[in-house]
Structure formats: C-alpha cells, structure tokens
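All remarks here apply to the structure that follows.
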Amino acid sequence: MFGLRNLGPSRLRNANCLAVAALAALVSTFTGGRVLAQETASEAKPAAPAEAVEATPAAPPEASEPKPAAPAEAAKTEPAPATPAAQPETPPAAPPAPAPAPTVEWKVQSKGGFLMTSGNSQTTNVVLGVNGSRKEGNNKLELEAGMAYGRSKNLVADVDNTTTPPTIVGVHRNTVVSTNNWATKGRYDRFLSENNVTYASTQWAADKIAGKTLFGGGQVGYSRQLRKDKWNLVVAELGYDFSYERYLQQAGKTSDPVTIHSARMLVGETLSLSRETGLTASVEALLNLNRETKANNASDGTVGVDAFHDTRINAKLGISTNLFKKLGLGLSFTLKYDQNPAPRPVPGGAPDGTTFPASYVPWAFADKVDTFTEVTLLYTFF
C-alpha cells in the first residue's frame with residue numbers, strides 16, 4: 001500500500017519510526033500523556049529486519065494499540081449511588097382488641113312480714129314480696145311481685161229476740177277475709193343517654209276486697225332524670241297507660257269488664273340519707289282519655305263514665321335502713337285513689353243471694369281511697 005514496498009530498508013525503518021511517533025502523539029492527546037512512556041520504551045527497541053516484518057504481518061491497529069483511556073473527568077471515581085437501607089418488614093397490625101363487655105348489675109331483694117294473734121283477738125296477716133333488676137349497658141329489666149293476705153275470726157253473738165230485752169244465748173266466731181290482694185310487674189328501660197330513657201312495662205293484679213278480680217295492662221313512655229348526684233335521684237315520666245278491669249260479680253247484677261286508655265304522669269325521688277338509710281317517694285297519676293261505656297258510675301249509679309272522670313292516683317313513701325350485712329328493715333306507706341271505684345262485694349257473713357238495693361246508694365261501691373302501711377324485714381341477696 002502507498003508504495004511502501006518500493007522503499008529500501010533504511011527508508012522503510014524511518015517511515016516506521018515516523019508513523020510510531022505520530023501515533024504516540026495522537027494517543028497522548030487522548031490519554032493526557034499516561035501512555036507516552038510506554039510508547040517511548042517501545043520506540044527504543046531496535047526494529048526487526050524488513051524480512052521479519054514482511055514475514056510476520058502486523059496486527060490490526062485495534063489489537064496492537066492500547067485502548068484509549070477515558071477522559072480525565074470520566075477517570076475520576078464517582079461515588080456509587082447509595083443503596084437504600086433495607087427497611088425491616090412491618091408486621092401486620094394486630095386486630096383491635098374487642099371492646100370490654102359491659103358490666104352486669106344484679107339486684108335482688110325480698111321482704112316479708114307476718115302477724116298472728118290468738119285468744120280474744122284472732123287474726124292472721126301475711127305480707128310477702130320480691131323484686132329484682134338486671135342492668136347491662138343501656139338496658140335494664142325490673143321484675144317484682146307481692147301479695148298480702150289477712151283474715152280475722154270475729155266474735156258474733158247469738159241473740160234470742162223473743163225476750164225483753166233480747167238476750168245473748170251464745171257466741172260464735174265468724175271468719176272474715178280482710179285482706180286478699182296480689183300484684184306483679186315487669187318493666188324494661190332503654191337508656192338513650194345518661195338522663196333520657198324510654199320504657200315499657202306490664203302489670204297485673206287482683207284485689208277482691210276492693211271488688212276487682214283482675215286488673216292490669218301495659219304502659220309505654222319517656223322518662224327523664226331531672227337530677228342525679230351522690231344523694232338524690234329525681235325522675236319525671238310521661239306516657240300512655242292501657243288498663244283492663246274485671247269485677248267481682250254480685251247476685252242478680254252483672255258488671256262487665258272495662259278497658260281504659262289513660263295519660264300517665266309520674267314524679268319520683270330517691271334520697272340517700274346515709275350509707276345505710278334511704279328514702280323513696282313517688283306520685284303517679286292516670287287520667288282516662290276515653291269514655292268508659294260499660295263502667296258503673298259510682299257518682300249516680302248509671303252506666304258510663306266520661307273522659308277525665310276516672311282519675312287514679314298512686315302515691316308511695318318508703319324508708320329502709322340496713323341492720324346487719326344483708327338484712328334490713330323497711331317501712332312503707334301506699335295510698336291509692338280511684339275516682340270511680342268498682343261495685344262493692346257483698347260483705348262476708350251475709351246470707352247467700354244477698355244483694356244491694358236496686359236504687360243508687362253510695363255504699364254500694366267500694367271506697368275511693370285505700371291505704372297500706374307495712375313494716376317488713378328486707379333481705380338483699382346481691
């Protein structure tokens with residue numbers, strides 16, 4: 001190529017030297033002179049004879065020439081990008097702990113009283129009662145039941161009316177039931193908040209001495225705690241009452257059952273006098289909203305009672321104190337008012353078939369006011 005074969009040995013050697021020098025300068029330009037010493041050493045070596053050069057073909061420039069070094073800026077060692085530190089694996093979050101179950105409050109209490117006399121006065125009286133409640137969260141259930149029974153053996157004279165004056169010829173005792181009533185009640189309270197409650201209740205009872213073989217019904221309404229602190233609990237209630245009354249039948253007279261729809265109002269107070277002693281008081285009013293078409297009117301003996309003419313009021317006052325651990329003493333007073341009482345039962349001891357006069361007489365109806373005074377021992381189970 002380029003006529004190199006026509007040159008003599010000396011000229012060929014000189015040409016080789018010039019080519020090497022030119023190549024070294026070019027490499028030095030790219031490497032900054034780092035390979036200049038190596039090339040200079042190579043130049044100092046004696047060149048091989050021309051025949052040897054011809055016998056051994058030269059290696060391609062890529063193989064005989066060293067690879068050009070990277071520019072100085074590239075030669076600098078650049079810091080390797082930082083590898084993010086391995087983050088510890090976060091364990092999956094534990095499920096939230098279940099909310100603690102609401103506490104359950106139980107209260108169960110019984111009461112009882114007994115009185116028996118013999119000799120000149122022969123009487124027997126029994127009073128029994130039990131009440132309990134269960135409160136869990138916003139729900140409260142109350143149940144109560146009670147009964148009272150009393151009888152007496154009254155002395156009655158056997159009189160001979162043929163003598164003047166009439167002469168007592170003997171005596172005997174006539175048994176008279178003076179108290180015979182029972183009552184049950186169940187109530188459910190739903191607390192909407194600390195002071196606001198809705199309630200539903202049912203109650204059934206009987207009082208044969210008052211002429212009622214069965215009476216009861218249900219109530220629903222709203223209760224509001226007006227005041228609640230360490231010593232006082234004051235509540236007011238407003239709602240609806242449904243009542244059913246069935247009367248003791250008399251000879252020759254029929255008294256139909258009566259249903260009553262009433263508005264209900266109540267105010268109650270629970271007062272803690274000390275840690276051992278408490279006082280309770282309440283007044284409940286029931287105002288009939290409907291005309292009682294089948295009821296006997298106690299005012300004039302006719303049939304039918306207008307709305308708001310059969311008002312009933314129940315008032316209670318009680319005080320209890322702890323005597324020893326779970327044993328306590330209770331004193332209670334109850335007043336019941338009925339504006340239109342039931343027909344009075346025929347008094348005990350009257351001959352069979354006895355009846356009241358057909359014309360109206362006030363004493364043919366039961367008394368409008370009943371009172372109960374009890375002194376009982378109280379036992380609290382828990």
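The numbers here are math on the coordinates, done by the rules we state, and not lab data. Here the structure is a predicted model, which is why all the values come from computation and not from measurement. Please note: Cβ atoms are built from the backbone with ideal geometry, for glycine as well, and neighbour counts cover all protein chains shown.
What the table shows:
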read-out: Failed condition for Ile168, given (1) loosely packed, with under 15 Cβ neighbours inside 10 Å; (2) more than 30 Å from Asn120 (Cβ to Cβ); (3) in contact with an Asp or Glu (Cβ under 7 Å, 6 or more places away or on another chain); value: (2)
read-out: Scope the range 320-349; condition closer than 20 Å to Ala366 by Cα and assigned to a loop (DSSP other than H, G, I, E, B); matching residues; value: Gln339, Asn340, Pro341, Ala342, Arg344, Pro345, Val346, Pro347, Gly348, Gly349
read-out: Extreme residue, farthest from the chain's Cα centre (by Cα), among residues of the range 364-381 that are over 30 Å from Thr302 (Cβ atoms) and of a type in the set (S, T, N, Q); value: Thr373
read-out: Test for Thr184: is it in contact with a Phe, Trp or Tyr (Cβ under 7 Å, 6 or more places away or on another chain) and within 30 Å of Ala236 (Cβ to Cβ); value: yes
read-out: Subset of the range 251-265 that is free of Cβ contacts under 8 Å to residues at least 40 places away in the same chain and under 29 Å from the mean Cα position of the chain (by Cα) - its residue that is nearest to Ala358 (Cα to Cα); value: Ala263
read-out: Which listed residue, of Leu329, Leu323, Leu335, is farther than 20 Å from Thr277 by Cβ and surrounded by 11 or more Cβ atoms within 10 Å (Cβ to Cβ); value: Leu335
read-out: Enumeration of residues in the range 220-247 that are part of a loop (DSSP other than H, G, I, E, B) and either touching a strand residue (DSSP E or B) at 6+ places or on another chain (Cβ under 9 Å) or among the small types (Gly, Ala, Ser) (or both); value: Lys230, Trp231
read-out: Residue in the range 136-156 that is loosely packed, with under 14 Cβ neighbours inside 10 Å and at positive phi present; value: yes
read-out: Criterion (closer than 22 Å to Asn180 by Cβ, surrounded by 13 or more Cβ atoms within 10 Å (Cβ to Cβ) and among the hydrophobic types (A, V, I, L, M, F, W, C)) met by exactly one of Val305, Val346, Val369, Val375; value: Val346
read-out: Count - residues of the range 122-147 that are under 30 Å from Val197 (Cβ atoms), among the aliphatic types (A, V, I, L, M) and out of contact with any Gly (no Cβ under 6 Å at 6 or more places or on another chain); value: 4
read-out: Among the candidates Pro362, Pro351, Pro341, residue that is touching a Phe, Trp or Tyr at 6+ places or on another chain (Cβ under 6 Å) and of a type outside the set (D, E, K, R); value: Pro341
